[in-house]
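**Student:** Would you mind keeping the following structure in view while I ask a few things?
The values are calculated or read from the model by the stated rules, or taken from the named source; none is laboratory data. What you are looking at is a predicted structure, and each value in this text was computed from that prediction instead of being measured. Cβ atoms come from the backbone with ideal geometry, glycine included; neighbour counts cover every protein chain shown.
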There are 2 protein chains.
Amino acid sequence: MVGYKEVVPRRPMTRRVTLEEVARAAGVSRATVSRVVNGVASVDENIRHAVEEAISDTGYLPNLAARSLVTRRADAVALVLPDEDRVLGDPFFGRVVRGVMTVTAPAGLHLVLTTTGVGTGEQVVSDLSRGRLDGVILIHTSRNDPLPGRLVDGHHPVVLSARPPSPLPITYVDVHQISGAALAAQHLRHVGRTRLATIAGPQDTPAGQDRLRGFLAAAGTGTPWADGDFTMAGGETAMTRLLADHPGVDGVFVASDLMARGALPVLRRAGRRVPEDVAVVGFDDSSAALDCDPPLTTVRQPTEDMAAEMARLLVRQIEHPDTPVAAVIFQPTLVVRHST
Amino acid sequence: MVGYKEVVPRRPMTRRVTLEEVARAAGVSRATVSRVVNGVASVDENIRHAVEEAISDTGYLPNLAARSLVTRRADAVALVLPDEDRVLGDPFFGRVVRGVMTVTAPAGLHLVLTTTGVGTGEQVVSDLSRGRLDGVILIHTSRNDPLPGRLVDGHHPVVLSARPPSPLPITYVDVHQISGAALAAQHLRHVGRTRLATIAGPQDTPAGQDRLRGFLAAAGTGTPWADGDFTMAGGETAMTRLLADHPGVDGVFVASDLMARGALPVLRRAGRRVPEDVAVVGFDDSSAALDCDPPLTTVRQPTEDMAAEMARLLVRQIEHPDTPVAAVIFQPTLVVRHST
């Protein structure tokens, strides 16, 4: 099944080349080589090239370790993502990475990618303690994840992608969930719907709570709702229940796109056309919104901007360890497609 | 639009804590603290915890730099991805990351994520030369990218995700493109199609060349084909041309899923039902295959396995700089959906 070909020996590099040899090969001073190796910005571009060529020709292996001993910085931050197929496969992931990189790349910081999983927390804390990482961006931690608390206790630079489930003095970036849900309610009213309902997210998560609260505040506290769990199957079950209890519903806010993907076929099977009979609004603007039939009107978070802000907040903490804990809240927008 | 709240001061860490203070706080010897800091595996789990707690309590900032000076390793490898929305947003990306991590995570290697772009090559070479990276995995480099050549010239550990466009003594992993295209031809014959055609990829790329060669070899050298460019628009144009010249075609192999997405609406508009009138097979099994209407039968690369193999080949080069250059070729499989 697999085969090897094209066998060409690589040049082994065993003898240790000195800085002086590199300087001689490049025709520059030892100090200039040192400046290039240490990434000093003021070195002339041509000279830098000549030195890098000499480094590669001689097989010199300088080590940033020497520099790190002085700066006490790893110049590396970790992005910890949930270890779920759904997240790694979702365009959301790409947007987060791109947003974070707009800040980390120009700053010369390595972006180290990690997913949650057995031992990840230990590894991250150990890397921070041992100076292999300067800080951490955590995406979507679960209620039971001890990592945010450990990072706070250890006074490590950290930024969360959302309000933590339990109060914690930790810096985070979030979307204004309540406003987002209110946008959905206003839009449903605006397209002429009067009998509204909502499929809520899990009520032990901040996003689940706030989206329900925001929708009920805008649509009326007596508005019927069914509990979902942010999964497709949960959306299907909740829609079935809602429709049985409130067959006259003509506008539904589903608190996540993925749940909406589960809910739409239930409406179709019950003979309800979307959007003619029932208008549907989701939340997240994830790939699930585009996979919906019809494509889903949804509440969008400015994911790239939020990710870039997370990176900026982290860099600030790394550079100024006494930076106060902060929360930065972004306004969501409505993306109108064909389900309303 | 944004607001700050919850201002809690972080504990500043300015005074330098010594290893001795950590040892005292943890109630262990200085040597034990050192072993934990240096990641020696034989340290008892409870002791390791106690030391890490002491490190965090005292605010000690050990530095891996000292260790790196000895091992001359960064324990970090870079994954360089193309800087395209399509790649970062494609589930393919998640599968690559997951595959690479199955090897890098247990090995304690940091996976540093980078995208190609202005200055990326310089940065990567500089990081390798300066000991900030041990090696590089390059995904989908373009013909004009000088980076693979520079890495080979610099004797840096590197693995490519596909055969390089120009001959280069570089280690790579690839799918057997020719076999994949042959699978498509055999399948089209198997479902009773006799008037075959293909939309080829760009003929200045190895994948474009091999997929055309493989299909023509299996379907017959006289088989009509049209040139595409691996984009949706290219697939649309090529399908229009093919249909004008060969209106009787009943089976089409499109050399990428994305091109197939562009080709299918052309068939529909021309009154051809898929698969009844024309059966269509794609290549890649990317998200585009699922976005097709109907969902696309396609040739699949074992992306996760291939990514893991890239990581293994890279680790071998890092540990044994005299490892010969190698190419590992994986067999593709056919995923049958509703377009055939």
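**Student:** Considering every residue within region A:134-142, establish whether at least one is modelled with pLDDT under 90 and on the phi < 0 side of the Ramachandran plot.
**Tutor:** Yes, because at least one residue in region A:134-142 is modelled with pLDDT under 90 and on the phi < 0 side of the Ramachandran plot.
**Student:** Hey, could you check region B:228-260 for residues that are farther than 15 Å from B:Thr298 by Cα and hydroxyl-bearing (Ser, Thr, Tyr) and say which is modelled with the lowest pLDDT?
**Tutor:** If we take residues in region B:228-260 being farther than 15 Å from B:Thr298 by Cα and hydroxyl-bearing (Ser, Thr, Tyr), then B:Thr231 is modelled with the lowest pLDDT.
**Student:** Here are some residues: B:Gly282, B:Gly248, B:Gly235. Which one is surrounded by fewer than 22 Cβ atoms within 10 Å (Cβ to Cβ), small (Gly, Ala, Ser), outside the structural domain of B:Gly108 (by TED's automatic domain parsing) and touching a residue at least 12 places away in the same chain (Cβ under 8 Å)?
**Tutor:** Working: B:Gly282 fails: surrounded by fewer than 22 Cβ atoms within 10 Å (Cβ to Cβ); B:Gly235 fails: surrounded by fewer than 22 Cβ atoms within 10 Å (Cβ to Cβ).
Exactly one residue qualifies, and that residue is B:Gly248.
Matching residues to (1) farther than 23 Å from B:Gly180 by Cβ; (2) crowded, with 24+ Cβ neighbours inside 10 Å; (3) within 19 Å of the chain's Cα centre (by Cα):
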{"site": "B:Val254", "(1), (2), (3)": "no, yes, no"}
{"site": "B:Val266", "(1), (2), (3)": "yes, no, no"}
{"site": "B:Glu304", "(1), (2), (3)": "no, no, yes"}
{"site": "B:Phe330", "(1), (2), (3)": "no, no, yes"}
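Listed here are the residues, each with its yes/no results for (1) more than 8 Å from chain B (Cβ to nearest Cβ); (2) more than 30 Å from B:Asp134 (Cα to Cα).
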site: A:Val125; (1), (2): no, no
site: A:Arg132; (1), (2): no, no
site: A:Pro146; (1), (2): yes, yes
site: A:His155; (1), (2): no, no
site: A:Val159; (1), (2): yes, no
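**Student:** Same structure, new question: Just a yes or no: is a residue in region B:207-227 among the hydroxyl-bearing types (Ser, Thr, Tyr) and either at pLDDT 95 or above or under 17 Å from B:Arg261 (Cβ atoms) (or both)? First the steps, then the outcome.
**Tutor:** Quick first cut of region B:207-227, residues among the hydroxyl-bearing types (Ser, Thr, Tyr) only: B:221, B:223.
Okay, now just the ones that are also either at pLDDT 95 or above or under 17 Å from B:Arg261 (Cβ atoms) (or both), so B:223.
Yes: region B:207-227 contains one or more residues that are among the hydroxyl-bearing types (Ser, Thr, Tyr) and either at pLDDT 95 or above or under 17 Å from B:Arg261 (Cβ atoms) (or both).
**Student:** Could you tell me which of the residues B:Arg261, B:Arg241 is buried (at least 17 other Cβ atoms within 10 Å of the Cβ), in a helix (DSSP H, G or I) and not aliphatic (A, V, I, L, M)?
**Tutor:** B:Arg261
**Student:** What's the number of the only condition in (1) surrounded by 22 or more Cβ atoms within 10 Å (Cβ to Cβ); (2) within 24 Å of A:Val103 (Cβ to Cβ); (3) among the polar types (S, T, N, Q); (4) at the interface with another protein chain (Cβ under 9 Å from one of its Cβ atoms) that B:Thr104 fails to meet?
**Tutor:** The number of the failed condition is (4).
**Student:** Right, A:Val281: closer than 18 Å to A:Thr240 by Cβ and either at pLDDT 95 or above or part of a helix (DSSP H, G or I) (or both) or not?
**Tutor:** no
**Student:** Please note which helices (runs of 4 or more DSSP H) are completely contained in region B:114-227 and include at least 2 residues that are in contact (Cβ under 8 Å) with a residue 12 or more places away in the chain and more than 25 Å from A:Arg98 (Cβ to Cβ).
**Tutor:** B:147-153, B:177-190, B:206-219
**Student:** Looking at region A:201-211, is at least one residue closer than 19 Å to A:Val335 by Cα and in contact with a strand residue (DSSP E or B) (Cβ under 8 Å, 6 or more places away or on another chain)?
**Tutor:** yes
**Student:** Checking the structure you have, find out if any residue of region A:308-323 is surrounded by fewer than 24 Cβ atoms within 10 Å (Cβ to Cβ) and touching a Phe, Trp or Tyr at 6+ places or on another chain (Cβ under 8 Å).
**Tutor:** yes
**Student:** Since B:Val252 meets every condition but one in (1) outside any helix (DSSP H, G or I); (2) within 14 Å of another protein chain (Cβ to nearest Cβ), which condition does it not meet?
**Tutor:** Result: B:Val252 fails condition (2) only.
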